[in-house]
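Reading through the structure tokens given below for one structure.
Every read-out reported here was derived from the displayed coordinates using simple, explicitly stated rules and does not represent laboratory data. Every value quoted in this text rests on a predicted model; they were computed, and no experiment measured them. Here the Cβ positions follow ideal geometry from the backbone for every residue, glycine too, while neighbour counts run over all protein chains shown.
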Amino acid sequence: MLEVTNLSVSVGRKLILQNLSYIFEQNKTYVLMGPNGSGKSTFAQTIMGHPQYEIDTYSRIFFNKENITSYPVEKRATSGIFLSLQTPLSLGGITVFQLLRVVLKGKKDALSLKREIMKLAKRLNISQEVLNRSLNQGASGGEKKKMEVLQAGILKPKLAIFDEVDTGVDIDALKTISSYLRHFKKNKTIIFITHNSRILDYIQPDKVLILKNGLIIKDGDADLLSFIEKKGFDKL
Ligand SMILES: Nc1ncnc2c1ncn2[C@@H]1O[C@H](COP(=O)(O)OP(=O)(O)OP(=O)(O)O)[C@@H](O)[C@H]1O
Ligand SMILES: [Mg+2]
């Protein structure tokens, strides 16, 4: 579904990901953990096609067997890749409805889109007032994370990467988000980047991956999580 081969990525002169190869299978849920600065967000942004991250000429990214290594962000998004950002962006003068309307032009009429957004906002406990504001303007950290989940829910990607969607959300919001994501992950490939194993009580992952110094140094099942909780990343 998503295959990366010899993925080396740098920003400026700094090499962040180093010859990383991995196959993410269809309809499986992965958790990606690792120390701060190990390259998790870089990996996520590279898969989404952020132009700031420079990919080595030998690196390849395949999505459903198609080589997407040189595709721009928009083309990757229309192929079914979604990234929920660690630090969600704010957009002045445009609401989430207006944004999604542009993205889904020709695929969904305005009325059904509005209804769907309202329904999901209710489920995610997002207030009307936040919904009607310019996207993420003045929004709290938790509200922004919910807006990312809302966009994922409407766009229904084939592959969704959630970069620390559980960071900065309160205990009730975490429950709300997690219970929605438990339902959302069906028939999708999901990569959850997290520092907090609490979200994993709700979303049972198929695999846990550890990224350290720009490489996946270990993959395993949920037992790996308890090992990390007790011993930290140093012992790996
Ligand atoms: N635009 C940039 N310019 C310079 N260095 C960068 C840039 N983006 C990332 N880096 C560096 O690359 C390394 C990996 O960063 P990245 O954000 O991928 O880490 P991370 O694993 O997501 O960390 P965290 O758990 O803190 O979110 C860090 O040392 C970071 O400072
Ligand atoms: Mg990060």
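Listed values, structure above:
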quantity	calculated
Hits in region 100-109 (condition: among the aliphatic types (A, V, I, L, M) and surrounded by 13 or more Cβ atoms within 10 Å (Cβ to Cβ))	Leu100, Val103, Leu104
Counted residues, region 156-186 - those being free of Cβ contacts under 8 Å to residues at least 60 places away in the same chain, in contact with a helix residue (DSSP H, G or I) (Cβ under 6 Å, 6 or more places away or on another chain) and among the aliphatic types (A, V, I, L, M)	3
One residue from Ser10, Ser59 being surrounded by 15 or more Cβ atoms within 10 Å (Cβ to Cβ), under 15 Å from Asn213 (Cβ atoms) and more than 16 Å from ligand 2 (Cβ to nearest atom)	Ser10
Residue ID - surrounded by the fewest Cβ atoms within 10 Å (Cβ to Cβ), chosen from residues in region 156-174 that are away from ligand 1 (no atom under 16 Å from the Cβ) and more than 13 Å from the chain's Cα centre (by Cα)	Ile171
Residue within region 190-198 that is in a helix (DSSP H, G or I) and either out of contact with any Asp or Glu (no Cβ under 6 Å at 6 or more places or on another chain) or of a type in the set (Ser, Thr, Tyr) (or both) present	no
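Residue-by-condition table, conditions (1) buried (at least 18 other Cβ atoms within 10 Å of the Cβ); (2) outside any loop (DSSP other than H, G, I, E, B); (3) aliphatic (A, V, I, L, M):
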{"position": "Asn27", "(1), (2), (3)": "no, no, no"}
{"position": "Leu32", "(1), (2), (3)": "yes, yes, yes"}
{"position": "Phe43", "(1), (2), (3)": "yes, yes, no"}
{"position": "Pro51", "(1), (2), (3)": "no, no, no"}
{"position": "Lys75", "(1), (2), (3)": "no, yes, no"}
{"position": "Thr87", "(1), (2), (3)": "no, no, no"}
{"position": "Gln98", "(1), (2), (3)": "no, yes, no"}
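Conditions (1) within 14 Å of the chain's Cα centre (by Cα); (2) part of a loop (DSSP other than H, G, I, E, B); (3) farther than 30 Å from Asp109 by Cα, marked per residue:
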site: Asn136; (1), (2), (3): no, yes, no
site: Lys144; (1), (2), (3): yes, no, no
site: Thr176; (1), (2), (3): no, no, no
site: Ser179; (1), (2), (3): no, no, no
site: Asp234; (1), (2), (3): no, yes, yes
